[in-house]
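So the structure is just underneath, and the comments pick up after that.
The values are calculated or read from the model by the stated rules, or taken from the named source; none is laboratory data. Predicted model, so just to flag it, every value in this text is computed and none were measured. Quick reminder, even Gly has a Cβ in these numbers, built from the backbone with ideal geometry, and neighbours come from all protein chains shown. Surface areas here come from the heavy atoms of the whole protein model, side chains and all, with no ligands, DNA or RNA. Shrake-Rupley method; radii C 1.70, N 1.55, O 1.52, S 1.80 Å.
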Amino acid sequence: MEEQVSAEKSDGMKQEWVNLIRVFTCPEDEKTRDVLVHHMRQILFELHDFLIQNVGITEAVSLKEISDRCTDTVMNSLPEKRLADVVSGVFEEIAPHAVNVASPYFVGHMTAAIPYFMVHLKAIVAALNQNVVKLETSKMLSVVEKQVVAKVHRIIYQKDEAFYREHVQNTHTSLGSFTEGGTTANLTALWVARNRALGPVGAFEGVEVEGLPAAYAAHNIDRCVILVSRRCHYSLRKCGGILGIGNGNIIPVPVDRTNRMRVDRLAEMIEGFKKEGRTRVAAVVTVAGTTETGNVDPIPEISALCRKEGIYLHADAAWGGPTLMSETYAHLLKGIEQVDSVTIDGHKQFYMPMSTGMVFFKDPTSLDAVAYHANYIIRKGSVDLGSKTLSGSREANCLILDSAFKIMGSRGYGMLIDHGIELARSFAEEIERRGIFQLVTRPELNILTYRVCPAPFQEEMAQASPERILELNEHFNEVNRALQQEQREAGNSFVSRTVLELETVFPGFPEGKVVVLRSVLMNPLTTMDVLRDILDEQEALYADWLRGTSTRKGRNREDAI
Ligand SMILES: Cc1ncc(COP(=O)(O)O)c(C=O)c1O
């Protein structure tokens with residue numbers, strides 16, 4: 001009897017095994033293939049249907065409600081669902097509560113619609129499942145990555161044909177690499193900068209080998225700092241923490257009224273550190289497309305100063321980098337060819353799916369400062385890309401960008417950039433035309449900030465005492481905070497919100513913060529009609545606020561001002 005039970009059990013397990021390994025092979029019968037094709041069609045053509053429903057994070061289904069649905073932490077031991085059930089589950093339960101970043105009315109963040117072919121390309125990358133950490137798991141794809149990196153490097157640095165012939169497939173040099181995003185691209189660049197600033201001296205083998213305490217002792221300094229624009233992305237502070245120099249040593253340089261780094265203040269700070277004598281400036285980071293306001297630092301001047309002082313200069317062009325593909329606006333990034341390294345995000349204005357960043361180096365030997373080798377892979381002199389990247393295993397996202405270049409060309413990308421910049425300019429004009437808005441930061445690229453602050457209050461503030469300015473400003477901070485939340489929760493459109501210094505509005509004003517609405521205009525399907533609708537909705541929400549019919553707390557404070 002016992003033997004019979006165990007034989008049945010082992011028959012059951014054999015069957016389970018047969019079922020399990022079936023998911024590793026391509027189905028041979030037509031019917032199952034048709035089912036798989038059907039699911040791919042659903043993903044391509046039907047997944048977008050959910051997007052029509054809502055744009056923002058609505059209150060229709062609260063965060064609490066969806067969180068409550070995801071509290072079971074016990075993993076099922078036996079299979080629960082077939083692929084068909086999983087796909088329909090995603091369609092019914094997950095997709096409707098994702099955010100419609102592809103909507104033309106979603107103009108609040110650096111994530112938007114992507115060309116439909118990106119879904120095909122992403123699927124190809126998954127199907128090939130290459131690991132570009134080493135040649136033995138990627139072969140052609142490692143070579144393609146080097147080529148794509150060289151193509152973008154050429155757009156940035158514009159070296160001659162002989163330079164690219166020498167380096168494009170050179171196994172000893174590297175023009176850059178793909179990363180997971182802008183954060184890891186910045187980290188890679190500053191890792192190189194730190195190691196250069198604290199390199200070998202005498203018996204000291206360099207910070208990468210011996211660590212920071214030994215480096216500071218060997219270099220006879222107390223600390224290392226990195227000077228960044230006050231408008232830099234917070235990823236740079238993370239870099240300070242990870243690189244061990246401390247995020248308190250990522251020091252902001254003041255910006256001018258147009259949110260560009262003040263070169264005079266940068267020069268003063270560098271001079272100050274030189275006089276003090278115990279601080280090493282490991283790098284300066286300039287931004288080409290600030291996250292909040294889309295401005296570009298004066299790169300030629302910063303670069304001239306860094307060259308004179310022998311300081312490493314990195315450009316965070318995570319956002320603005322692809323502007324170089326625009327025949328009309330590439331000049332906005334002038335001087336970028338002079339910097340030591342550049343970050344560009346693929347999942348921003350290269351319109352790639354999440355998540356891809358890239359980092360490029362002017363000097364093809366720069367990445368040697370962070371090279372690692374192992375016996376079983378990434379041997380010296382091999383094509384193994386993993387020897388000079390922060391990450392180990394990586395997907396072959398280069399294939400997506402390479403194909404996108406083939407499909408759209410640099411001209412196609414340039415036209416997308418032109419559309420964003422020109423739309424932002426028209427939007428700014430419309431904001432200024434309407435009496436209830438105040439344009440806070442004028443678009444240089446395709447990001448702008450503004451707020452609800454009717455013209456009479458703007459005029460009053462222009463003449464008012466500092467106390468009155470602060471009082472009125474606080475009022476409009478409250479209005480704009482509430483309005484942004486209400487618009488988001490209404491779910492028709494999405495504009496984001498940030499906080500800038502009040503001196504952005506009133507030059508020289510020593511204190512205070514201003515809450516602003518932020519628009520990022522990257523979706524080519526966003527038109528002026530869409531933007532007018534968004535402003536109309538904001539005007540209506542403000543009218544509700546004034547009437548006291550707003551759903552937000554703190555409403556109807558008109559009397560208070
Ligand atoms: C200027 C800038 N740098 C870096 C980053 C970080 O990029 P990621 O989110 O891809 O890590 C961003 C993201 O918005 C950015 O705007």
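Mean separation of Cα pairs under 8 Å and 6+ residues apart, divided by the residue count of segment 409-547: what relative contact order is that in percent? Mind showing how you got there, number by number?
Numbers: 179 pairs, mean separation 36.4, N = 139.
Reported relative contact order: 26 percent.
Span-like helix criteria (full DSSP H runs; alpha carbon extent of at least 18 Å along the helix axis; mean Kyte-Doolittle hydropathy of at least 0.0) are satisfied in the chain by 140-157, 398-433.
Of the trypsin sites (Lys or Arg not before Pro) in segment 355-463, the ones in a loop by DSSP (not H, G, I, E or B) with at most 11 other beta carbons within 10 Å are LYS380.
Applying both filters, DSSP loop and at most 13 other Cβ atoms within 10 Å, to the chymotrypsin sites (Phe, Trp or Tyr not before Pro) of segment 180-245 gives TYR234. Estimated from helical segments only, the mean residue ellipticity of the chain at 222 nm is -13500 deg cm²/dmol, where each DSSP H run of four or more residues counts as -39500 (n - 2.57). Relative contact order of the chain, taken over Cα pairs closer than 8 Å and 6 or more residues apart, is 18 percent. The GluC sites (Glu not before Pro) of segment 449-534 meeting both criteria, a DSSP state outside H, G, I, E and B (loop) and at most 14 other C-beta atoms within 10 angstrom of the site's C-beta, are GLU511. Share of carbon and sulfur in the accessible area of segment 160-223 stands at 54%, probe radius 1.4 Å.
Quick one: Debye curve from the alpha-carbon atoms of segment 436-508 only, equal weights, vacuum; give me log10 I(q)/I(0) at q = 0.15, 0.23, 0.26 Å⁻¹ to two decimals. Those come out to -0.55, -1.16, -1.35, one per q. Taking 28 Å as the straight-line reach from the Cα of LYS159, the lysines in range (excluding those fewer than 8 positions away in the same chain) are LYS134, LYS139, LYS146, LYS151, LYS308, LYS334, LYS348, LYS362, LYS380, LYS388, LYS406. Comparing Cα centroids, segment 234-272 and segment 422-480 end up 28 angstrom apart.
The Cβ shell under 12 Å around VAL55 holds other residues with a net charge of -2, Lys and Arg each +1, Asp and Glu each -1. In the chain, a dipole from Cβ-located charges (positive for Lys and Arg, negative for Asp and Glu) runs towards its positive end, and of CYS306, GLY108, GLY241 it is CYS306 whose Cα lies farthest in that direction. For segment 181-373, the relative contact order is 23 percent, taking Cα pairs closer than 8 Å that sit 6 or more residues apart in sequence and dividing their mean separation by the residue count.
For segment 12-100, carbon and sulfur atoms together expose 62% of the accessible surface, with a 1.4 angstrom probe and every protein chain in place.
In terms of overall dimensions, segment 409-547 has a Cα radius of gyration and Dmax of 15.7, 55 angstrom. Classification of segment 12-100 by its C-alpha gyration tensor yields an oblate form. The axis ratio a/c (a ≥ b ≥ c) is 1.5 or more, and b/c is at least a/b. Around the Cα centre of segment 12-100, unit charges on the Cβ atoms of Lys, Arg, Asp and Glu (plus for the first two, minus for the last two) sum to a dipole of about 260 debye. The label-point distance for GLN42 and ALA462, in a model that sets each label 7 Å from Cα toward Cβ, rounds to 5.9 nm. As a fraction of the 1.4 Å probe accessible area of segment 409-547, surface on carbon and sulfur atoms comes out at 50 percent.
Could you please tell me the mean projected area of the C-alpha convex hull for the chain, averaged over all directions and given in square nanometres to one decimal? Over every viewing direction, the Cα hull of the chain projects on average to 33.8 nm². Accessible surface for segment 263-366, divided over its residues, is 31 Å² per residue with a 1.4 Å probe.
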